[in-house]
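My questions will all concern the structure given below.
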Amino acid sequence: MSQDASPPASPYRLFDVTLKAKEPLSPHLWRLTFAGPEVNRMAAFAPDQRIKIFFPDPQGRPPAMAITPDWYARYKKQDVATRPPMRTYTIRALRAPAGEVDVDFVLHGETGPASTWATHAQPGQALQIMAPNAAFEGDGGGYEWKPPQGLRRLLLIADETALPAVAGILEELAALPAPPQTQLFIEIPGQDDEIPLAGWPDLWVEWMPRGLGAPGALMVAAAQRAAVPVATPRPAPTPALAEVDVDEAILWDVAAPSDAGFYGWVAGEAAAVLAIRRLLIAERKVDKASLNLMGYWREGRVLD
Ligand SMILES: Cc1cc2nc3c(=O)[nH]c(=O)nc-3n(C[C@H](O)[C@H](O)[C@H](O)COP(=O)(O)OP(=O)(O)OC[C@H]3O[C@@H](n4cnc5c(N)ncnc54)[C@H](O)[C@@H]3O)c2cc1C
């Protein structure tokens, strides 16, 4: 009897990559293309597929963790002050056969390791990425874009950190024979941060440059005027919304819609998403089960 001693493949794994190319999409959004010997074994299941990127440690040494089954447990045991910082990003495009993956980085200044690295990065520099493992059998998860089949109405509210996911969502929908009627509100740093997006006749897009305004304020105002379904009959009393302290925890409400009538996908600065949550659910009586509400970053805080 043969005995297979190899452990089952994990849903996510670590990849060694080097920066292959870097190009501006807009003043604040840059596309970084990474290549690696095993990127042909990376997987992506949805346009909002999240990954973790490891950056050089505070001494400037590139991450070089040994790729072993217990690497993550060993990483978590390391001193936070000296280990390679980890941040969350989105796979914008994966070309597995070519061993290449694109990640669109917001350059928000030299206030964090990711934005600082991306600002100065030069082709040839090494990083490590934790991403879905193509060898894993089945769906490895790590995404929330799961619209019901035959979706009729969609609301997208996002800022520039979620623009890579939104751009992928629109590409996916534009390829459908009958895409849903869609409203997109997208807050960006400035007017020249608009980028070309896939479209169709029933897509309505509002770019909202914030200029010197507070991050997220325009997203919240958009949630006030967005067209949302009026529940008929009115739903039972709105379920009490569990409080989320966005300075300590990540706000992450996942949709579980019961029909294809309406779906919402909201991501961006966490306090703004929290305000949108209250506004849409408690005030405008949108069914909580139809909404994904995700804090992608928190102003003034580091949440990895
Ligand atoms: C699921 C998911 C997917 C994401 N995908 C992307 C993506 O594809 N592209 C992308 O650019 N970001 C993405 N983000 C957001 C990204 O993880 C954060 O912006 C992260 O904080 C950047 O790390 P940093 O090292 O630059 O800054 P940090 O060290 O985390 O923070 C340092 C300071 O910078 C501030 N800061 C962080 N981000 C911003 C910002 N965007 N604008 C202004 N100030 C900021 C913080 O509030 C803090 O004060 C995603 C987040 C999640 C949860």
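Determine the dipole magnitude for region 238-301: charges of +1 sit on the beta-carbon of Lys and Arg, -1 on that of Asp and Glu, nothing else is charged, the reference point is the Cα centre, and the result goes in debye to the nearest 20.
Computed charge dipole of region 238-301: roughly 180 debye.
To continue, here is another question. For region 213-304, what does the alpha-carbon gyration tensor say about shape, rounded, prolate or oblate, given a ≥ b ≥ c as the root eigenvalues, a/c under 1.5 as rounded, and a/b over b/c as prolate? Write out the running numbers ahead of the final one.
Working: a/c = 2.07, a/b = 1.67, b/c = 1.24.
Note, shape of region 213-304 comes out prolate.
A follow-up question, please. Along the Cα→Cβ direction, 7 angstrom out, place labels at ASP139 and GLN191. What is the inter-label distance in nm?
Roughly 4.3 nm, to one decimal.
Label point 7 Å out from ALA35 along Cα-to-Cβ: which residues of region 125-156 have amide N under 20 Å?
Taking a point 7 Å out along Cα→Cβ of ALA35, the residues of region 125-156 whose backbone N falls under 20 Å are 125-130.
Please give the calculated 222 nm ellipticity per residue for the chain, where each DSSP H segment of at least 4 residues contributes -39500 (n - 2.57) and the sum is spread over every residue; nearest 500 deg cm²/dmol?
Helix-only estimate at 222 nm: -4000 deg cm²/dmol.
Right, something else. Rg (Å, one decimal) plus Dmax (Å, integer) for the alpha carbons of the chain?
Expressed in Å, the Cα Rg and Dmax of the chain come to 20.0, 69.
Where the centroid of each part is defined by its Cα atoms, how far is region 168-186 from region 71-117 in Å?
Using only Cα atoms, the two centres lie 28 Å from each other.
Here's another thing I want to ask about it. Check cross-link reach from LYS288 to the lysines: straight Cα distance under 17 Å, and skip same-chain residues fewer than eight apart.
Cross-link targets: LYS146.
Ranking request for peptides 290-301, 113-124, 156-167, 30-41: highest mean number of other beta-carbon atoms within 10 Å first, then the rest in descending order.
The peptides rank, most packed first, as 156-167, 290-301, 30-41, 113-124.
Can you count the Lys pairs in region 12-132 with C-alpha separation below 22 Å, eight or more apart or on different chains? Walk me through the intermediate numbers first.
Numbers: LYS20/LYS52; LYS22/LYS52; LYS52/LYS76; LYS52/LYS77.
Within region 12-132, the lysine pair count is 4.
Which of rounded, prolate or oblate describes region 153-297 when judged by the alpha-carbon gyration tensor and an a/c cut-off of 1.5?
oblate
Which peptide among 260-272, 244-256 comes first, and what is the full order, when sorted by highest mean count of other Cβ atoms within 10 Å?
So the peptides 260-272, 244-256, ranked by packing, come out 260-272, 244-256.
Is the shape of region 12-132 rounded, prolate or oblate, going by the alpha carbon gyration tensor and its root eigenvalues a ≥ b ≥ c, with a/c under 1.5 for rounded and a/b larger than b/c for prolate? Show your work: numbers first, answer last.
On the way: a/c = 1.64, a/b = 1.09, b/c = 1.51.
Because a/c hits 1.5 or more and a/b fails to exceed b/c, region 12-132 counts as oblate.
Taking Cα pairs under 8 Å and at least six residues apart, what relative contact order does region 153-297 come out at, in percent?
Worked out over region 153-297, it gives 28 percent.
The numbers here are math on the coordinates, done by the rules we state, and not lab data. Values in this document were obtained by computation on a predicted structure and should not be read as measured data. All Cβ positions, glycine included, derive from the backbone under ideal geometry; neighbour counts span all protein chains shown.
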